[in-house]
Amino acid sequence: MGMTIFPFVFLKHEQLREDKVLINHEKLHLRQQIELLIIPFYLFYGIEFFWRLAQYKNWHFAYRNISFEREAYANEKDSGYLVKRSFWAFLGYLRGNGFQTRK
């Protein structure tokens, strides 16, 4: 529904601009990209995706378990999260609490 490529947020449909949860999710990705100086973010994201894909052998579960996505999904409904978020907070989502498993 949305994709962030610094400094742009691309949305599938114009009306998604009103979706505060989606916009907050994508803003979180902007912050992650800035923290990792943009290019390293995409390298880390790609490497982690393929690692998760080898782990789960399922594209959807691999995507949902990327640390950047886990952080974004866990906090997308909290409009104040970006204000209180610590630097490189995504590292806390590499493993541990919030792990997205098959249901």
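The table below gives the values:
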{"quantity": "Coil-residue chymotrypsin sites (Phe, Trp or Tyr not before Pro) of segment 15-46, DSSP, other Cβ within 10 Å capped at 10", "calculated": "none"}
{"quantity": "DSSP H segments from the chain that extend 18 Å or more along their own axis, Cα-based, with Kyte-Doolittle mean of 0.0 or above", "calculated": "39-56"}
{"quantity": "Reachable aspartates and glutamates from K57, criterion Cα separation under 17 angstrom, eight or more residues apart if same chain", "calculated": "E48"}
{"quantity": "Distance between modelled label sites at M1 and A54, nm, 7 Å Cα→Cβ extension", "calculated": "3.3"}
{"quantity": "Exposure proxy ranking, count of Cβ atoms within 10 Å, fewest first, for S79, S86, S67", "calculated": "S86, S79, S67"}
{"quantity": "Proxy reagent accessibility, fewest Cβ within 10 Å first, across R52, R64", "calculated": "R64, R52"}
{"quantity": "Solution diffusion estimate, µm²/s, Stokes-Einstein, the chain, Kirkwood Rh from C-alpha pairs, 4 °C, viscosity 1.567 mPa s", "calculated": "92"}
{"quantity": "Gain upon complete extension [H13, Y73; 0.36 nm per residue less C-alpha separation]", "calculated": "19.6 nm"}
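Just so you know, all these numbers are worked out from the coordinates, no wet-lab data involved. Note that the structure is a prediction, hence the values are computed from the model and not measured. Quick reminder, even Gly has a Cβ in these numbers, built from the backbone with ideal geometry, and neighbours come from all protein chains shown.
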